[in-house]
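The values are calculated or read from the model by the stated rules, or taken from the named source; none is laboratory data. Source: prediction; values computed, not measured. Glycine gets a Cβ as well: all are built from the backbone with ideal geometry, and neighbour counts include every protein chain shown. All accessible areas refer to the heavy atoms of the entire protein, side chains included, with ligands and DNA or RNA removed. Shrake-Rupley method; radii C 1.70, N 1.55, O 1.52, S 1.80 Å.
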Amino acid sequence: MMSATERRDQVVLGPLPPSFLRLETRTSNGETVTTVTADPAIGRQVDLPTPPPGTQQPPTSGARPPAPQQRPGVPPQHQSQPDLQPAQPYVPQAGLSITIAQAVLNKSYTLIGSMDPYVRLKVGHNTYETFTHAGADKAPCWNKVYHCALPNTHSVRTVSVEIFDERALTDDQRIAYAKIAVPQSVFEGHTLDEWFPLSGKLGEAKEGSINLIISYTTMPMITLPYQRIHYPYAGVAPQHFTPRPPPEISEADVNNIKDMFPEVDKEVIRTVLESKHGNVEAAVAAILDIMDGDGGS
């Protein structure tokens, strides 16, 4: 084992040669070899394959590293920066601002409890719906504002409204409807605040009236059309269910409906109740539709 004095004697003092710890290449007999010249005592030759044409050689002493390749047509200062596009300025869009305020109905079409009305508004190809005013019966109030975008002042001249009674077990029933013409004064800057008559089973303009506020304005935002989904199980994979037994029709329900429709036979009432699974409200609505159809024909 060497002592500390012997190790110090092997230390080279003074300036280092330029080839210290550098790899130098030279050609010998047509082959490329590399000589490690840090110390002649431990120098060795290592055979290296000839690099293919175009391959960069290791940098020599004092050489700068190669510059990163640039994309054609892109300035060097933008190489490391993402291509960000400036935000487009918001362009306001004009359209109709329609407020569905309230309605007054002349008849309640439910036998148990009160009606739960909501409004379906159609403007052009778009459909909007209000929330359901539960228990409002014949005096619902919504105060719902919709911004309906229009491409120009001539695209839409009429809007339609329909009032529905939301049902839990059966399809929602349409109570009343109206088709409203938008006057030219609205597009000239005037605000229309009027009550419009509603039509339905009672006749033309006999179901009550609805209060709408219509104006033509620049909209701060576009209200997307909203369509209520009445079938929560749509798209679910079909499943196998055990068919339920036929409902038990009570004689009291048959007699109650018979008192409402004396001209309808009890067997017909019982058949309608069975088709509606014992739902008295749905059976009464079905009998009304049958009688309306017979009266119209």
Subject >> Probe 1.4 Å - accessible area at L169, Å² to nearest ten >> reply: 150 Å²
Original post:
Ranked by accessible surface with a 1.4 Å probe, highest first, in what order do I112, I290, I269, I249 come?
Top reply: I112, I290, I249, I269
Original post:
What accessible surface, in Å², does a 1.4 Å probe find on D171, ignoring ligands, DNA and RNA and rounding to the nearest 10?
Top reply: 120 Å²
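What FRET efficiency, computed as 1/(1 + (r/R0)^6) with R0 = 45 Å and r the Cβ-Cβ distance, is obtained for L169 and S215, rounded to the nearest 0.05? All intermediate terms of the calculation are to be shown ahead of the outcome.
Details: r = 40 Å, r/R0 = 0.88.
Efficiency for this residue pair is about 0.70.
Is there a quick way to get the dipole size of region 102-195? I mean about its Cα centre, with the Cβ of Lys and Arg at +1 and of Asp and Glu at -1; what is the value in debye to the nearest 20? Kindly include the intermediate steps, with their values, before the conclusion.
Details: 9 positive and 11 negative charges, 38 e Å.
Here the size comes out at about 180 debye.
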Original post:
Tally Lys/Arg at +1 and Asp/Glu at -1 over every other residue whose Cβ is under 13 Å from the Cβ of S185; what's the total?
Top reply: -2
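Using a 1.4 angstrom probe with every protein chain in place, what is the largest-first accessible-area order of C148, C141? Each step should come with its number before you reach the end.
Details: C148 0, C141 50 Å².
Sorted descending by solvent-accessible area, the residues read C141, C148.
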Original post:
Under a plain spin-label model, where a point goes 7 Å from the Cα along Cα-to-Cβ, how far apart in nm are T158 and E274?
Top reply: 4.5 nm
Original post:
Contour minus end-to-end for A101 and L16, with contour as 0.36 nm per residue of separation and end-to-end as the Cα-Cα distance?
Top reply: 21.2 nm
Original post:
Among the lysines, which fall within straight-line cross-link reach of K258, defined as a Cα-Cα distance under 24 Å, with same-chain neighbours fewer than 8 residues apart omitted?
Top reply: K107, K201, K266, K276
